[in-house]
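The next block holds one structure in the form of structure tokens; read it before the comments.
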Amino acid sequence: MFPQTRRTKTVVECSVNHSDDQSRYLFKFLDYVGYSHDIIAERRRVFHGIDAMINNEREDKIVQVTAGSKAEGLASCFESDYDYLNIYQNIFCQFEILTNMFSNDTTGFCM
């Protein structure tokens, strides 16, 4: 199926000939190519930290959140595109027409 994979500095041995089942082999292979659970969690933490730094420096009422494969930790910073979700804190949407309970600098939309 996959060729034998061996890394010298860390303990990674992947061989179909061992008694490991295919899921264990796939887990080791994904770890070797950079998609282990720990690496994905670290990518999530990094992109969350970048979002926090950007949002702390902003002076407007917009919160930027990384979305998509980067937020899920499935793509590194050089892979894929960047997906962002901008949350405008002074705009809200409601289903019914109610009296405005927010300040004058808030915009409301009815659906």
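The numbers here are math on the coordinates, done by the rules we state, and not lab data. Everything numeric in this text was worked out from a predicted model, so none of it was measured. Positions of Cβ are generated from backbone atoms using ideal geometry, with glycine treated the same way; all protein chains shown enter the neighbour counts.
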> Measuring from label point to label point, each 7 Å out along Cα→Cβ, what is the PHE92 to TYR32 span in nm?
Replying inline: 5.5
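Order these peptides, 67-77, 35-45, 50-60, 82-92, by their mean beta-carbon neighbour count within 10 angstrom, highest first.
Values: 67-77: 15.7, 35-45: 13.7, 50-60: 10.4, 82-92: 11.9.
Packing proxy ranking, top to bottom: 67-77, 35-45, 82-92, 50-60.
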> Over segment 29-92, what number does the Rg to Rh ratio reach, with both radii from the alpha-carbon atoms and Rh per Kirkwood?
Replying inline: 1.08
